[in-house]
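Novice: I have a structure here, written as structure tokens, and I will follow up with some questions on it.
The values are calculated or read from the model by the stated rules, or taken from the named source; none is laboratory data. Values in this document were obtained by computation on a predicted structure and should not be read as measured data. No Cβ is skipped: glycine too gets one built from the backbone with ideal geometry, and neighbour counts run over all protein chains shown.
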Amino acid sequence: MSPSSPFAVPPKESEIDRLISRAVELHTLPAAVLEARRIMDDPRKNAQDVANLIAGDPAFSARVLRMANSAYYGFRRRIGTLSQAIVVLGFQAVRNLLLTAGVIEVFKSSKATYDHARFWTHSVATAIAAQEIATRAAMPQAQHAYVAGLMHDVGKAIIAQHMPEHARSIRELELAGAGTCEAEREIIGHDHADIGGRLVTAWGLPAPIADAIREHHQPQKSASGASDADVIHLADIVAKILLAERAACPLSLPVDGLSSRLGYDEKSLAEWVGAIAASLERAADFFQILGIWAATPAER
């Protein structure tokens, strides 16, 4: 940055590293979420074991039951008990629900300088899109896609909450025409993708999830062949289009080789986007259960 730059002077590397490390320490997953993950990863445990744990939190128990009965899953008969809900939803869906609710709760703050509901609406929409894309692209670890999509922008929340002055300078650079990652690196020396990768690594989530988050703006940096970063890159753009955040954005992407790596053409991509749009429509009550706002483009 030149001496005449009107924006904030970047902090020293040691200072920003301390800020990031402190933020990661402050944002820890609830113990119940961590314990539920442990139980669900234990082959000796069953749905009743998970139900017994969740039952200790009446508010969350109600969320799981509402989720099981939501239009998103479309079950015709009413699910009445936690263990039945867990069996019907499956461990993976319950794990995603626990993590989604836990992460959103962790980042609730009266000091937030960003639109919390809008931010998490986009994040959850990206997670839903990523899950659909990973399945249709026959990714070998498709179960990671939802979590990586959910967490792909979490570094932005850390910057907004813990570096508000620098967040404002980043925004000014964006308004002046800089890309988000470019502006973040200019102001603080790191971008949100890198910071998000640090957080999920600290949480002990699988390395492929952290890698997808770090590389989702530059998926071409991944090894040859389709990558989780490819999935999140495409899911991020599709979610923005479907939420009317980028209504005029074309679906043709600037990343060389993305369509060939994920195996789509213009026709199949249109089908994928249609399926994601339908999933988001069905997920309206899911967003309400999570306590965030979601709207279709028509409603916006």
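Novice: I'd like to know if the stretch 76-88 contains one or more residues that are outside the structural domain of ARG38 (by TED's automatic domain parsing), among the hydroxyl-bearing types (Ser, Thr, Tyr), surrounded by fewer than 19 Cβ atoms within 10 Å (Cβ to Cβ) and assigned to a helix (DSSP H, G or I).
Specialist: no
Novice: Of everything in the stretch 89-134 that's outside any helix (DSSP H, G or I) and of a type in the set (Phe, Trp, Tyr), which residue is farthest from the chain's Cα centre (by Cα)?
Specialist: Here is the first cut: in the stretch 89-134, the residues outside any helix (DSSP H, G or I) are 90, 107-115.
Then keep just the ones that are of a type in the set (Phe, Trp, Tyr); that gives 107, 114.
Numbers: PHE107: 13, TYR114: 16 Å.
Of everything passing the filter in the stretch 89-134, TYR114 is farthest from the chain's Cα centre (by Cα).
Novice: State which residue is farthest from ARG198 (Cα to Cα) when the search covers only the stretch 153-166 and only residues that are surrounded by fewer than 21 Cβ atoms within 10 Å (Cβ to Cβ) and more than 20 Å from the chain's Cα centre (by Cα).
Specialist: Among residues in the stretch 153-166 that are surrounded by fewer than 21 Cβ atoms within 10 Å (Cβ to Cβ) and more than 20 Å from the chain's Cα centre (by Cα), the one farthest from ARG198 (Cα to Cα) is GLU165.
Novice: Considering each of ALA130, ALA145, ALA101, ALA138 in turn, give the residue that is out of contact with any Ser or Thr (no Cβ under 9 Å at 6 or more places or on another chain), in contact (Cβ under 8 Å) with a residue 60 or more places away in the chain, surrounded by 16 or more Cβ atoms within 10 Å (Cβ to Cβ) and not assigned by TED's automatic domain parsing to the domain that holds VAL50. Write out each step before concluding.
Specialist: Working: ALA145 fails: out of contact with any Ser or Thr (no Cβ under 9 Å at 6 or more places or on another chain); ALA101 fails: not assigned by TED's automatic domain parsing to the domain that holds VAL50; ALA138 fails: surrounded by 16 or more Cβ atoms within 10 Å (Cβ to Cβ).
Answer to the selection: ALA130.
Novice: Restricting to the stretch 53-71, what's the tally of residues that are hydroxyl-bearing (Ser, Thr, Tyr) and in contact (Cβ under 8 Å) with a residue 60 or more places away in the chain? Give the steps one after another, and end with the answer.
Specialist: Start the filter on the stretch 53-71 by keeping residues that are hydroxyl-bearing (Ser, Thr, Tyr), which leaves 61, 70.
Narrowing further to those that are in contact (Cβ under 8 Å) with a residue 60 or more places away in the chain: 70.
Counting residues in the stretch 53-71 that are hydroxyl-bearing (Ser, Thr, Tyr) and in contact (Cβ under 8 Å) with a residue 60 or more places away in the chain gives 1.
Novice: Give the residue that is modelled with the highest pLDDT, with candidates limited to residues of the stretch 104-127 that are surrounded by fewer than 16 Cβ atoms within 10 Å (Cβ to Cβ) and out of contact with any helix residue (DSSP H, G or I) (no Cβ under 8 Å at 6 or more places or on another chain).
Specialist: Checking each candidate, the answer is ARG118.
Novice: Does the stretch 177-185 contain any residue that is of a type outside the set (Phe, Trp, Tyr) and surrounded by 20 or more Cβ atoms within 10 Å (Cβ to Cβ)?
Specialist: Yes, there is a match, as at least one residue in the stretch 177-185 is of a type outside the set (Phe, Trp, Tyr) and surrounded by 20 or more Cβ atoms within 10 Å (Cβ to Cβ).
Novice: Further question: Do the conditions hold for ARG44, that is, is it surrounded by 12 or more Cβ atoms within 10 Å (Cβ to Cβ) and charged (D, E, K, R)? Talk me through it step by step, then tell me what you get.
Specialist: Values: surrounded by 12 or more Cβ atoms within 10 Å (Cβ to Cβ): no; charged (D, E, K, R): yes.
The answer is no for ARG44.
Novice: If we scan the stretch 189-200, do we find a residue that is among the β-branched types (Val, Ile, Thr) and under 27 Å from ALA226 (Cα atoms)? First the steps, then the outcome.
Specialist: Restricting attention to the stretch 189-200, the residues satisfying the condition of being among the β-branched types (Val, Ile, Thr) are 195, 200.
Of the ones still in play, those that are also under 27 Å from ALA226 (Cα atoms) are 195, 200.
Within the stretch 189-200, one or more residues are among the β-branched types (Val, Ile, Thr) and under 27 Å from ALA226 (Cα atoms).
Novice: Taking only the stretch 10-41 into account, find how many residues are crowded, with 16+ Cβ neighbours inside 10 Å and outside any helix (DSSP H, G or I).
Specialist: Adding up the residues that qualify gives 5.
Novice: Now, a different point. Could you give me the residue pairs with C-beta distances under 6 Å whose first residue belongs to the stretch 72-91 and is among the small types (Gly, Ala, Ser), whose second residue is in a loop (DSSP other than H, G, I, E, B) wherever it lies, and which are 6+ apart or on separate chains?
Specialist: ALA85/ILE79
Novice: Name every residue in the stretch 72-112 that is within 30 Å of LYS156 (Cβ to Cβ) and among the aliphatic types (A, V, I, L, M), in order of residue number.
Specialist: Correct list: LEU89, ALA93, VAL94, LEU97, LEU98, LEU99, ALA101, VAL103, ILE104, VAL106, ALA112.
Novice: Going by the conditions given, is LEU29 closer than 30 Å to ILE188 by Cβ, in contact with a helix residue (DSSP H, G or I) (Cβ under 6 Å, 6 or more places away or on another chain) and modelled with pLDDT of 80 or more?
Specialist: Answer is yes for this residue.
Novice: Which pairs do you get when a residue that is free of Cβ contacts under 8 Å to residues at least 12 places away in the same chain and more than 10 Å from ARG214 (Cβ to Cβ), found in the stretch 174-203, comes within reach of a residue that is β-branched (Val, Ile, Thr) and part of a helix (DSSP H, G or I), reach meaning Cβ atoms under 7 angstrom, with the pair 6+ apart or on two chains?
Specialist: GLU174/THR180
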